[in-house]
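One structure below.
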Amino acid sequence: MRKLLAAIAVASLLLIPAIANAADPFLEVNDPNDSPGRLDFEHLKGLKTSSASDLEITMKFRNAFQAKLLKRSGPNRVFVYFDSDDDRKTEYTGKIFKTSRLVMATSGQGSHFERLPVTKPNATTLKVTVPAGAPFNPNGPMRIAAKSFYSGTVCPTKCTDRVPSQGWVRV
C-alpha cells in the first residue's frame, strides 16, 4: 500500500507542471539550436498582463550580436509576425532594423504604422513593446511568431530561423 501511495505521489508531482503548462502553454516557446549564424533564436516570449494591455515581446538569440548587424539596408533581418484575429494567419508584419536606433516598422492590412523603439538589454536579446489598442495588439487573444535572416561567414547564402518552427505563440 505504501508503494502505491508513493507512486501516486510521484506521479502527481510529475503531472502538476504539465497541467500548469497546459493551461497556458504558448506564452513562451524555446527554439532548437537549428540555424548557423548569429540570428539563431533561443526563445520567443509574448506577455500581456490582460487582454487590453501592452504586448511585451522578447526575442533571445543563441549568439551575441551588435545592433548594427541589423542595418536597414543590409541582408540581416528580424521579423515579428502578428496574427491579430487568432486565425493562425499573419495580418501584420514588424521588421526590426537599425537606423540611428533600433526600431520595428509594422505594416499590414494596407496600413503602415509608427515605428516602435526596440531595446537590446544585453548581447543576445531584443525587446519591443506594442501599445495596447494598436491594430496588431488587439484586445483579446492573438498570436505571434518571429523569423530571422542572417548572411555572414558561416552563411554565405541566407540562413533563416523561425520561432516557433511551426505554428504560433499565443498571447
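The values are calculated or read from the model by the stated rules, or taken from the named source; none is laboratory data. Owing to the predicted nature of the structure, the values given are computational and were not obtained by experimental measurement. Reconstructed Cβ throughout: ideal geometry from the backbone, glycine too, with neighbour counts over all protein chains shown.
Listed values, structure above:
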item	result
Close pairs from the range 46-63: first surrounded by 14 or more Cβ atoms within 10 Å (Cβ to Cβ), partner assigned to a strand (DSSP E or B) and among the acidic types (Asp, Glu), Cβ under 8 Å, at least 6 apart	46/28; 46/56; 47/56; 48/56; 60/42; 61/42; 62/42
Pick from the range 69-122, criterion polar (S, T, N, Q) and farther than 22 Å from residue 138 by Cβ, ranking: modelled with the lowest pLDDT	73
Pair list, Cβ < 9 Å and 6+ apart or interchain, from the range 146-161 residues that are free of Cβ contacts under 8 Å to residues at least 40 places away in the same chain to residues that are part of a strand (DSSP E or B) and of a type in the set (Ser, Thr, Tyr)	157/151
Residues being of a type in the set (Val, Ile, Thr), surrounded by fewer than 14 Cβ atoms within 10 Å (Cβ to Cβ) and in a loop (DSSP other than H, G, I, E, B) - total across the range 133-171	2
Residues of the range 77-116 satisfying the condition of being more than 16 Å from the chain's Cα centre (by Cα), hydrophobic (A, V, I, L, M, F, W, C) and under 16 Å from residue 67 (Cα atoms)	102
